1. 5 Å is the cut-off here: which amide hydrogens, built 1.01 Å from N in the peptide plane, fall below it relative to A201, excluding neighbours closer than 5 in sequence?
2. State which entries of K233/K329; K257/K329; K207/K257 exceed 26 angstrom in Cα-Cα distance in the structure shown.
3. How many percent of the alpha carbon pairs in region 79-153 exceed a separation of 16 Å?
4. Have a look at A217, G230, L330 and report the one farthest towards the positive end of the charge dipole of region 186-463, computed about the Cα centre with Cβ charges (Lys/Arg +1, Asp/Glu -1).
5. Percent of alpha carbon pairs in region 257-387 separated by more than 26 Å?
6. Using the Karplus curve 6.51 cos²θ - 1.76 cosθ + 1.60 with θ = phi - 60°, work out ³J(HN,Hα) for each residue of region 220-236 in order, rounded to whole Hz, and write x for Gly and Pro.
7. If you take the square roots of the eigenvalues of the alpha-carbon gyration tensor of region 186-463 and sort them as a ≥ b ≥ c, do you get rounded (a/c under 1.5), prolate (a/b over b/c) or oblate?
8. So for the pair T259, Q301, with labels modelled 7 Å out along Cα→Cβ, what separation do we get in nm?
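No lab work stands behind these numbers, since they all come straight from the coordinates. Predicted model, so just to flag it, every value in this text is computed and none were measured. Quick reminder, even Gly has a Cβ in these numbers, built from the backbone with ideal geometry, and neighbours come from all protein chains shown.
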Amino acid sequence: MTETNTPAGDAGTAAVLAVLAWRLLRLVFTPFHRRVWVYACLVLGMAERAHGAGVLGATALASPLAWWLLRTSWAPASAWYAARETEHRAGRYSRERSQAARAVLAHLNLDAEVVVASFPFGDELTVRIPHGGTRAQVLNAAPALREALGYLTLNAADDDAPGVVKLNGVTRDLLSDPLEGPAPVAADGWEAAAGSWVTVALDRNGKDVELPLFLPAAGGLRYLIAGASGSGKSSCQTQLTVAAIRSGARVWLADPKQTEMAGFRPWAERYATTPDGIVEMLEALCVEMRARQGALAGQFQSCWTLADGPVVLLVVDELSAVTMCGDKKLKERGLRALEDLAARSRSAGITLILTTQQPTTDVIPSVIRSNLDIRIGHRVMTATVSDVIIPGSARDGLGAPHDIPGSYDRSGRLTCAGVFYLDGMGPRTLARAWYIPQAEVPDILTGAGVLPVVRPAQEASRDRAPSPTSSAGEPDAARPERRPRRRRTPAPGA
């Protein structure tokens, strides 16, 4: 039978030849173990009069082109491919580092199995203690491992399992250098429920530091955040407030400074700036607390749960505005309210964040101080002040806020801004907080679909602070326009 060429046949032949030519070019840049099957398809596709094999070969050769077009033009496929490539590179890195660590230990006569897992600024080495070996032998090998693998520091972790030693190797000094690049998983915490833990910092080993907004089995938390001016107190405070708003909590904000926290005003259920307005708000929250406790009476519940209602977050941005108020009667009212909240807010599902740059015994009375759960101590100047923030820290040798070194750079920023000691969440931890620029807070909240709170006009006027250029009874001046959105780049400091 005589074969005749048709336009469709010519077009098909041209397409097959084009695919073959493209694949031949790709072969030059493809590792050998990944191109063996391509040679097989070429042999089948170019066999004379092997029409079935030719179709099979052309299909096999066209499939990679179709996949390439798919993964470059369709977002879900591109994301899946990028994740697979990242996983592949991470697996190869882990295998290579594990082999290098085993070689170092073998040179020291330790036949130990090592598994390396990477994190943003270093690795975690899990060393299984060999039969007849000891934990001390593995720790003695740490200097050799640090030098061979190029870590700045290699320290033993606190969560060792039986028969296993975990070592944290860090590739950069997190406490001396600013944190650059995207925050690890902070946004994941914002999307979760109010009971979730929010990633707010990295410790000196490069591990995430997480803080809870609410504990289902315990209720609310009571935070103290203290440090000198410019030490970065607003970093953790801002991240916890953003997480609370995005997770549906009710936010009550006392903001006498009207600086770092002023951007949260549209999203705050209650907002006060003057001493009398702050005291009234604290007393109103005490009424809310007693109402919640009354609702729990007879329910056989030890604390408020998310099923009973949302979490209430109270943020007092400068505690001295209440505890050091010049009006004696107003001060006594504020202290009574704060003492009541510090003692009983936890079971009512109310979380407190008390912040001050004057952490003295006058500003933080012992009745309040003794009921605080979690303490975040930024840089301060004296050991006495460190003891107020974290009792006993000036003498126990575990690290104290006054031990944090720092100086001002040419831009006027404190080099240790954002560095803090965390107490009340296991062993005392030295960490550096991620920072959310204040100008980006509205974009973060509106981007999550969180609408500003609509407050009654009477309440809004009561909480409004007088404008510097107007009398106390006049409305505030027009607020400045929001600056254009900038790329979210965490940096130390407030």
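1. V209, W434
2. Details: K233/K329 29 Å; K257/K329 22 Å; K207/K257 33 Å.
Correct reply: K233/K329; K207/K257.
3. On the way: 1418 of 2775 pairs.
Across region 79-153, Cα pairs with separations above 16 Å total 51 percent.
4. L330
5. 25
6. Those phi angles translate into x, 10, 10, 9, 10, 10, 9, x, 5, 4, x, 7, x, 4, 6, 4, 5 Hz.
7. Taking the square roots of the gyration eigenvalues as a ≥ b ≥ c, region 186-463 is rounded.
8. About 4.0 nm separates the two model spin labels.
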